[in-house]
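A short write-up of the structure that comes next.
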Amino acid sequence: MGKYISFPEDLPGHIGTLVLNLVDPATDAGSIARLVASSLGTLDSEVAANIDSDPLIDYRAQRPWVNYQAGQLTGMWREGLALSVVKDVEGTEFLRLYGSEPDFHWDSLVADMLDVVERFGVQSIYSFTAIPAPVPHTRAADMMVRSTKPDAQSDGLDANFWFQASFADYLEYHASRLDIPMTNVAVRVPMYLAGHHYSSGAVGALSMVGKISGLRFPVGDLQHDVARQNERLVELAEENQELGQVIGAFEKDYDEKGDTPGFVSAPDMDYTVPTVDEIGRAAEQFLAQVDSANERPHVENEFDPQGLAHRIDEIRRARSWRSDQQDQGRNGWQPPSAPHAQSGKPDDTPEPEQKDEPESQDEQSPDDPDSPDSGKGKRWGRHSWGFGKN
């Protein structure tokens, strides 16, 4: 068991491919990582391991979201990491690490990820990067492919420079020390779209990883979004002369220079049209998965490494028990002396000696809290635990 990753008892078998899809909004040019996540999130998946994200995330930098409805906070969503076994569109399994890029403890998490590689027998790892660049959106998305395997680097970028690493880069460096094959696809994003979304780049990144790994990813929704985005950019270029000039200048420069050394264009994704029998089998498999999911027992407590959910459940149960005690005090249970005040004293109870005392304003009354007629038992039952309501 790692420091932040724990494995279930029924650990899935050998899975040869791991895809890293972590998002850092501050560096995610063109929202490439988020678009890839939205596409891969449509695939069938199940938990491969539990990740304790709480020590890894800076909640002041990546604050949780809460949902306000009609005067109350009714929901919460927070950043985290997850490791799942995913099936591509053709049913091939791969591991996917996704969620928010961690803020803390990278060394420990890298050690845990190397443990994941060993346990599942991972033979290849893939990751995505986005680079703002002076390229036009009207040309095919291109990218740089970097790999820890020298024989996989064809026409690599001939350069020498330093840059700030992502967690995927950090893992890649350490994986290379162990001869673990890892490939990074860095998509170039038009500079004027760096703060928006660049669906064509996400399609290109998925296509490239699919070509190298043999996996098949869903890109239909992204391709439709590419068409809509291109139409919208044509309208904006007509409305904004400056934007039109920028796009025109990038197109001219791109066409004059031709292919940039070290960068390759996105490959076409070739899918074979399934036969009627294959479609039928896929439909039967899907319905069987739905039935199986409905039959699974409900999990009372989600993964809770810090014990917060467990502690909340304990407090709820304690309050429920105390509430039952309070209800008994209000509606049924009373001290032995209380019934005497309501129904009279038993015949065998001697009457106390009567004393003549002058009347005063301090004389006890049924409203006095110390009076036997005050329902003293109810008062005890209502307030003794401190959770009741008057």
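The values are calculated or read from the model by the stated rules, or taken from the named source; none is laboratory data. Please read these numbers as outputs of a predicted model, since none were measured by experiment. Glycine also receives a Cβ, built like all others from the backbone with ideal geometry; neighbour counts cover every protein chain displayed.
Which one is surrounded by the fewest Cβ atoms within 10 Å (Cβ to Cβ) among residues in the range 93-113 that are over 23 Å from Ile32 (Cβ atoms) and either in contact with a Pro (Cβ under 6 Å, 6 or more places away or on another chain) or not hydrophobic (A, V, I, L, M, F, W, C) (or both)?
So, considering only residues that are over 23 Å from Ile32 (Cβ atoms) and either in contact with a Pro (Cβ under 6 Å, 6 or more places away or on another chain) or not hydrophobic (A, V, I, L, M, F, W, C) (or both), the one surrounded by the fewest Cβ atoms within 10 Å (Cβ to Cβ) is Asp107.
Test Ser127 against the stated conditions and say whether it is touching a helix residue (DSSP H, G or I) at 6+ places or on another chain (Cβ under 8 Å) and modelled with pLDDT of 95 or more.
Working: touching a helix residue (DSSP H, G or I) at 6+ places or on another chain (Cβ under 8 Å): yes; modelled with pLDDT of 95 or more: yes.
It is true that Ser127 is touching a helix residue (DSSP H, G or I) at 6+ places or on another chain (Cβ under 8 Å) and modelled with pLDDT of 95 or more.
Scan the range 31-39 and tell me whether some residue there is in a loop (DSSP other than H, G, I, E, B), in the same structural domain as Ser166 (by TED's automatic domain parsing) and either of a type in the set (D, E, K, R) or without any contact (Cβ under 8 Å) to a residue 12 or more places away in the chain (or both). Step through it out loud before you land on a result.
Of the residues in the range 31-39, the ones in a loop (DSSP other than H, G, I, E, B) are none.
No.
Closer than 20 Å to Ile131 by Cβ, exposed (fewer than 12 other Cβ atoms within 10 Å of the Cβ) and at pLDDT below 95: does that describe Ala26?
On the way: closer than 20 Å to Ile131 by Cβ: yes; exposed (fewer than 12 other Cβ atoms within 10 Å of the Cβ): yes; at pLDDT below 95: yes.
Taking the combined requirement at face value, the residue satisfies it.
Determine whether Arg228 is over 17 Å from Ala37 (Cα atoms) and among the charged types (D, E, K, R).
On the way: over 17 Å from Ala37 (Cα atoms): yes; among the charged types (D, E, K, R): yes.
Yes; evaluated as a whole, the condition is true for this residue.
Out of the residues in the range 123-147 that are under 20 Å from Glu101 (Cβ atoms) and among the β-branched types (Val, Ile, Thr), which is surrounded by the fewest Cβ atoms within 10 Å (Cβ to Cβ)?
Looking at residues that are under 20 Å from Glu101 (Cβ atoms) and among the β-branched types (Val, Ile, Thr), I get Ile131.
Scan the range 231-265 for residues that are of a type in the set (Asp, Glu), within 18 Å of Asp142 (Cβ to Cβ) and within 38 Å of the chain's Cα centre (by Cα) and report the count.
First, pick out the residues of the range 231-265 that are of a type in the set (Asp, Glu): 231, 235, 238-239, 242, 251, 253, 255-256, 259.
Applying the additional criterion that residues be within 18 Å of Asp142 (Cβ to Cβ) yields 251, 253, 255-256, 259.
Then keep just the ones that are within 38 Å of the chain's Cα centre (by Cα); that gives none.
Number satisfying all stated conditions: 0.
Are there any strands (runs of 3 or more DSSP E) wholly within the range 84-174 with 3 or more residues that are free of Cβ contacts under 8 Å to residues at least 60 places away in the same chain, and if so which? Lay out the reasoning, then the answer.
Values: elements: 93-100, 124-133, 142-147.
Answer list for the range 84-174: none.
Counting only residues that are touching a residue at least 60 places away in the same chain (Cβ under 8 Å) and assigned to a loop (DSSP other than H, G, I, E, B), which one in the range 43-72 is farthest from Ala309 (Cα to Cα)?
Across the range 43-72, the extreme among qualifying residues is Leu43.
Could you tell me whether Val66 is more than 24 Å from Leu178 (Cα to Cα) and in contact with a Pro (Cβ under 7 Å, 6 or more places away or on another chain)?
On the way: more than 24 Å from Leu178 (Cα to Cα): yes; in contact with a Pro (Cβ under 7 Å, 6 or more places away or on another chain): no.
No: the conditions fail for Val66.
Among the numbered criteria (1) surrounded by 16 or more Cβ atoms within 10 Å (Cβ to Cβ); (2) over 29 Å from the mean Cα position of the chain (by Cα); (3) modelled with pLDDT under 95, which one does Val219 miss?
With respect to (1) surrounded by 16 or more Cβ atoms within 10 Å (Cβ to Cβ); (2) over 29 Å from the mean Cα position of the chain (by Cα); (3) modelled with pLDDT under 95, Val219 is out only on (2).
Quick one: which residue in Leu215, Leu222 is outside any helix (DSSP H, G or I) and either without any contact (Cβ under 8 Å) to a residue 60 or more places away in the chain or not β-branched (Val, Ile, Thr) (or both)? Walk me through it before giving the result.
Numbers: Leu222 fails: outside any helix (DSSP H, G or I).
After applying the criteria, what remains is Leu215.
Search the range 68-88 for residues being loosely packed, with under 11 Cβ neighbours inside 10 Å and under 16 Å from the mean Cα position of the chain (by Cα), and hand back the single one that is nearest to Glu46 (Cα to Cα). Steps first, answer last, please.
Step one: list which residues in the range 68-88 are loosely packed, with under 11 Cβ neighbours inside 10 Å, which gives 68-77.
Cutting the leftovers down to under 16 Å from the mean Cα position of the chain (by Cα) gives us 75-77.
Working: Gly75: 23, Met76: 22, Trp77: 20 Å.
Looking at residues that are loosely packed, with under 11 Cβ neighbours inside 10 Å and under 16 Å from the mean Cα position of the chain (by Cα), I get Trp77.
For residues in the range 13-23 being out of contact with any Leu (no Cβ under 9 Å at 6 or more places or on another chain) and of a type outside the set (Gly, Ala, Ser), which is surrounded by the fewest Cβ atoms within 10 Å (Cβ to Cβ)?
My answer is His14.
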